[in-house]
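Computed from the coordinates by the stated procedures, all read-outs in this text should not be read as laboratory data. Note that the coordinates shown come from a computational prediction; the quantities given were computed from them, not determined experimentally. Neighbour counts are summed over all protein chains in view; Cβ atoms, including those assigned to glycine, are modelled from backbone coordinates with ideal geometry.
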Amino acid sequence: MDNITETIEGALPVPVRMDADERYTGRGITIAFLDSGFYAHKDLTEPVNRIVAYHNIFAPEHNLSSLQTSDVASWHGMMTSVVAAGNGYLSEGFYRSIAPEANLVLVKIGKTGRISESNIETGLRWVFANKEKYDIRIVNISAGGDFEQSYLRNPLCQLVEELVKAGVTVVCAVGNAGLAPGHPVLPPASAPSCIAVGGLDDQNSLDRARRGMYRSSYGPTIDGLQKPEVIAPGIWVAGPILPYTPTAVEAHLYAELDNAADDELGDIILSHAGVDKDLDEARELAVPLLRQLITIKLRENNVINQHYKFVDGTSFAAPIVSSIVACMLEANPKLTPQQVKRILMDTAERVDGVEVDRQGWGVVVPRKAVAMALRYRG
C-alpha cells in the first residue's frame, strides 16, 4: 500500500467510489460465501440478522460455535462477506457495501493456512445440495485451487459448470500473483462459466485518470480462456477488523489517540499500557512528535478507525462484484447466470493503457449493469 500516506484519512465507501445505484441493495437475494472461516459481525447481524445459514464442513450440521469465535481462521471470510453485504452498522452506515440488504449463507471450508481444492469442492457441493432450501442465487469464492488443470478434467471446475447450469452465478477471485514469474489463474476461477474477478487500483479516488491495476493473476488459462473477465477495486477497500483480537485492541487505541486532545494523549497511552511498546516508551515525548508517531501507527497498520481497516487482494474485488450481481438480480430476478455475466462484461469500462489480458472487459460499472438488467426485464 505505497500510497496510503496520501489517502488514509479519506477512505471512500465502495458504493461511492463505484457510483452504485442506491435504489438497489440486494434485498431478497442470497449470496453464499466459501471461505476459511467467518464471524457473525454486527454489520451482518444488526439490526436484523441476515445470516440465513452457516455450515462448517469440519463440524456437525447446525454447530454455530465457530461463527461466534474470533480465531485466526475467521478474519478472511468475515471480511469478504462484510465487503459484499455489510450494512456499515458500526460506522452508522458509512462503510456499507453495495448490497447491504442481501442475505448470506456462510460455508466454512478451511482452518488455518491454505485452503485445499478438495475442501472448496466439498463446500460447493453443500451449496449445490442446499441452493433451493436457502434460495442461493450467487456463490462467492475467494480461494484458489491447487494447480493449473484443464477445466475438462478438473472436478472443481466441472462442479462450477454444473452449478451455473442450475441457475447460480459463481464469482471467483483470480488470485494475487500478477507480479510473479508465471501468474496462472487456478480453479475454480479458470472455469469457463464463472465470473473471474481481477483487481483494480483506483488510488482511493473518484478520478478515473488515476486508475491502474492491482497485482492480480491473469490468463489466458491453460484452456486459452480470457481470465479475468472483469475487475473491481482490489486495494483501498474498507474491511472490518475482527473483534476481540490484538489487532482490534491496537486499532481502538490508535483511533482514540488520533481523536483525542493534546493534553489527553499521555493519560490514554498510560491507561492502555502494554498494547503498543513504542507508544509506551514515547509517552513523554513532545506532542508534535507523539502525533507523528500516532499517524505512523495508523498508516503502518492500515487503520481507518477502531472498527475498519484497509484490506487488499482479489479476495475483496470478487465480493464487490457479487454485491453488484445481487443488485442486478433484485432488479430482475429472472436473469440467468449467463445473462448476468454478459451484462457485467458489456457495461464494463476499459482502463486506458492496460493490456486486455490483465483487465478483461474492464472495470465493473454497477449503475449501468443494473440499468441493463432492468432493460432485460422489459
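As an exercise, use a Förster radius of 22 Å and the Cβ-Cβ distance of Ser116 and Ile222 to find the FRET efficiency, rounded to the nearest 0.05.
According to the calculation, E is roughly 0.65.
Calculated from DSSP H runs of 4 or more alone, at -39500 (n - 2.57) each and per residue, what is the 222 nm mean residue ellipticity of the chain, nearest 500? Please list the in-between numbers first.
Numbers: 14 runs with 134 residues, N = 378.
The per-residue figure over the chain is -10000 deg cm²/dmol.
For the chain, what relative contact order do you get, as a whole percent, if you take Cα pairs closer than 8 Å and at least 6 residues apart? Could the numbers behind the result be given before it?
On the way: 866 pairs, mean separation 78.4, N = 378.
For the chain, the relative contact order is 21 percent.
I'd like the distance between the alpha-carbon centres of the range 237-306 and the range 308-371, rounded to an integer number of Å.
Measuring centre to centre over Cα atoms gives 37 Å.
What spacing in nm lies between the two simple spin-label points modelled at Leu64 and Val16, each 7 Å away from Cα in the Cβ direction?
3.4 nm
Quote the charge dipole size of the range 246-306 about the Cα centre in Debye, to the nearest 20; the model charges only the Cβ of Lys and Arg (+1) and of Asp and Glu (-1). Please list the in-between numbers first.
Values: 5 positive and 13 negative charges, 46 e Å.
About 220 debye.
What does the C-alpha gyration tensor say about the overall shape of the range 1-101? Classify as rounded when a/c is under 1.5, otherwise prolate if a/b is larger than b/c, or oblate.
Working: a/c = 2.32, a/b = 1.47, b/c = 1.58.
Taking the square roots of the gyration eigenvalues as a ≥ b ≥ c, the range 1-101 is oblate.
Can you list the lysines whose alpha carbon is less than 22 Å from that of Lys297, not counting same-chain residues fewer than 8 positions off?
Lys277, Lys309
For a test of the definition: using alpha carbon positions, the gyration tensor, and the 1.5 limit on a/c, classify the chain as rounded, prolate or oblate.
Working: a/c = 1.74, a/b = 1.53, b/c = 1.14.
Cα axes put the chain in the prolate bin.
Looking at the range 92-182, which trypsin sites (Lys or Arg not before Pro) are in a loop (DSSP not H, G, I, E or B) and have at most 13 other Cβ atoms within 10 Å? Walk me through the numbers before you get to the answer.
Values: sites: Arg96, Lys108, Lys111, Arg114, Arg125, Lys131, Lys133, Arg137, Arg153, Lys165; in loops: Arg96, Lys111, Arg114, Lys131, Lys133, Arg153.
When the trypsin sites (Lys or Arg not before Pro) of the range 92-182 are filtered for loop state and at most 13 Cβ neighbours within 10 Å, Arg114, Lys133, Arg153 remain.
Using only the alpha carbons of the range 246-306, determine the length spanned along each of the three principal axes and report them from longest to shortest in whole angstroms.
The principal-axis extents, from largest down, are 25, 20, 17 Å.
Return the distance in nm (one decimal) between the two label points of a simple spin-label model at Asn301 and Glu355, each offset 7 Å from Cα along Cα→Cβ.
4.1 nm
Using the structure shown, select from Lys131/Lys227; Lys111/Lys131; Lys131/Lys334; Lys227/Lys341 the pairs with a Cα to Cα distance greater than 19 angstrom. Walk me through the numbers before you get to the answer.
Working: Lys131/Lys227 26 Å; Lys111/Lys131 24 Å; Lys131/Lys334 16 Å; Lys227/Lys341 13 Å.
From the list (Lys131/Lys227; Lys111/Lys131; Lys131/Lys334; Lys227/Lys341), the Cα-Cα distance tops 19 Å for Lys131/Lys227; Lys111/Lys131.
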